[in-house]
1. Go through segment 312-326 and give me each residue that's surrounded by 16 or more Cβ atoms within 10 Å (Cβ to Cβ) and either within 22 Å of Glu223 (Cα to Cα) or in contact with a Phe, Trp or Tyr (Cβ under 8 Å, 6 or more places away or on another chain) (or both).
2. Return a yes/no flag: does segment 99-112 have any residue that is at positive phi, assigned by TED's automatic domain parsing to the domain that holds Pro363 and more than 26 Å from the chain's Cα centre (by Cα).
3. Can you tell me which of (1) surrounded by 14 or more Cβ atoms within 10 Å (Cβ to Cβ); (2) farther than 18 Å from Val171 by Cα is the one Phe356 doesn't meet?
4. Taking Ser284 as the residue in question, decide whether it is touching a helix residue (DSSP H, G or I) at 6+ places or on another chain (Cβ under 8 Å), in the same structural domain as Ser344 (by TED's automatic domain parsing) and small (Gly, Ala, Ser).
5. What's the number of the only condition in (1) surrounded by fewer than 17 Cβ atoms within 10 Å (Cβ to Cβ); (2) touching a residue at least 12 places away in the same chain (Cβ under 8 Å); (3) more than 24 Å from Pro267 (Cβ to Cβ) that Asp367 fails to meet?
6. Please determine, by comparing only the residues of segment 113-138 that are open to solvent by less than 50 Å² (accessible area, probe 1.4 Å) and of a type outside the set (Val, Ile, Thr), which one is farthest from the ligand (Cβ to nearest atom).
7. Take Lys2 and tell me if it is open to solvent by 30 Å² or more (accessible area, probe 1.4 Å), of a type outside the set (Ser, Thr, Tyr) and in contact with a Leu (Cβ under 7 Å, 6 or more places away or on another chain).
8. It is to be established whether one or more residues within segment 59-68 are open to solvent by less than 70 Å² (accessible area, probe 1.4 Å) and under 24 Å from Val16 (Cβ atoms).
Amino acid sequence: MKIGIVCYPTFGGSGVVATELGMALADKNHEVHFITYNQPVRLDFISHNLHFHQVLLEEYPLFEYQPYELALSSKMVEVVEKHELEVLHVHYAIPHAYAAFMAKQMLKEKGIPVKVVTTLHGTDITLVGSHPTYKTAVEFSINNSDVVTAVSNDLKNTTNRLFNIDKDIQVIYNFIDVDKYDKSHKKECKRAAIALPNERILTHVSNFRPVKRVEDVVKVFYEVNKKIPSKLLLVGDGPERVKAESLVNELKLSEHVIFLGNSSEVPKILCYTDIFLLPSQTESFGLAALEAMAAKTAVISTNTGGLPEVNIHGVTGYLSDLGDVKDMANNAIKILQNEETLESFKNNARDHARRFSLGNILPVYEDIYKSCYKNKV
Ligand code: GMT
């Protein structure tokens, strides 16, 4: 099949899912065309079936904000027409689903049918999408997509609660390539470069936006570190980094906390991690937690959004109420203070992560594309 994928090309979860999906489809001999403003960060041109089309923006003195949707929908029309794509799969509704609707209309005028699959990822529904500024257009573009998917049951329910949706939303969980994490485990883990043998390692990976509550990560670690010799690895970058650095200094934790910045070596970092911290305000799924679990890491998270569908309380880690850093710290200590307990949580996490393996999820997307092909007009 010939599929166009539209996504944000950054380290964010929706871009990661879109890129991994595209690469896996190309591996299975589908022809995949990424359409976005930069080459997606995780995109390796490992296959001749993978193509990248950059959306370029024109400066003009009148524009305070450049009209990205216009440039994107024009590019979609061009790529669909030139490469005879039959499906456009857009990840993150804003503004991709809207631009895809416009592209579809323009193509219809030319007698070229194309189907639009929209995958809802999280804040395109929760924090941003339902804001009155965007709500009307987001609701319209969801209702006018041919197929709509959401990455968790919670996100599906939230979408139906916040919007007037007349489409059935299909839940397709995020996935991971389990082998990638297994392999980095089998290779020698460079733990000694990061921590002393008696120290435990806690890690947080995110784009450091307010929704991730990175200060809570530091506060949880502060409590854990009082009881257990440990290191905290903070991977990623974003608007909350400066605040997190100040808190680390204020709590006199600099010796124990390492800021690693954005990294494409996450599997290698996770391979020596004992506990992954994700105290988010909301998380439609929590791909970062799943990646950690695949790398045999227990998870301490909040119980918000879709996190309970990924992190199983008392099995793969623990869930706490939003902002309850004391509870999160106590749970982490409970896991970390005993070698056997830690090992059993880690094994459970890895076993549970296998349910979300690429091999299980990819055929579900392929079936959706096939159904688009069948009902082409
Ligand atoms: O919705 C967002 O915040 C953006 C998005 C991203 O690009 O980082 O993250 C969301 O999509 C991921 C992939 O489906 C999910 O694993 C994240 O939980 C989700 N983030 C939130 O809901 C905050």
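1. Here is the first cut: in segment 312-326, the residues surrounded by 16 or more Cβ atoms within 10 Å (Cβ to Cβ) are 312, 316-320, 324-325.
Selection gives Thr316, Gly317, Tyr318, Leu319, Ser320, Asp324, Val325.
2. Within segment 99-112, one or more residues are at positive phi, assigned by TED's automatic domain parsing to the domain that holds Pro363 and more than 26 Å from the chain's Cα centre (by Cα).
3. All conditions pass for Phe356, except number (2).
4. yes
5. Among (1) surrounded by fewer than 17 Cβ atoms within 10 Å (Cβ to Cβ); (2) touching a residue at least 12 places away in the same chain (Cβ under 8 Å); (3) more than 24 Å from Pro267 (Cβ to Cβ), Asp367 violates only (2).
6. Lys115
7. Answer is yes for this residue.
8. Yes, because at least one residue in segment 59-68 is open to solvent by less than 70 Å² (accessible area, probe 1.4 Å) and under 24 Å from Val16 (Cβ atoms).
The values are calculated or read from the model by the stated rules, or taken from the named source; none is laboratory data. This is a predicted model, so every value here is computed, not measured. For neighbour counting, all protein chains shown are included, and Cβ atoms are generated from backbone atoms with ideal geometry for every residue, glycine included. The accessibility values were calculated without ligands, DNA or RNA, using every heavy atom of the protein model including side chains. Shrake-Rupley method; radii C 1.70, N 1.55, O 1.52, S 1.80 Å.
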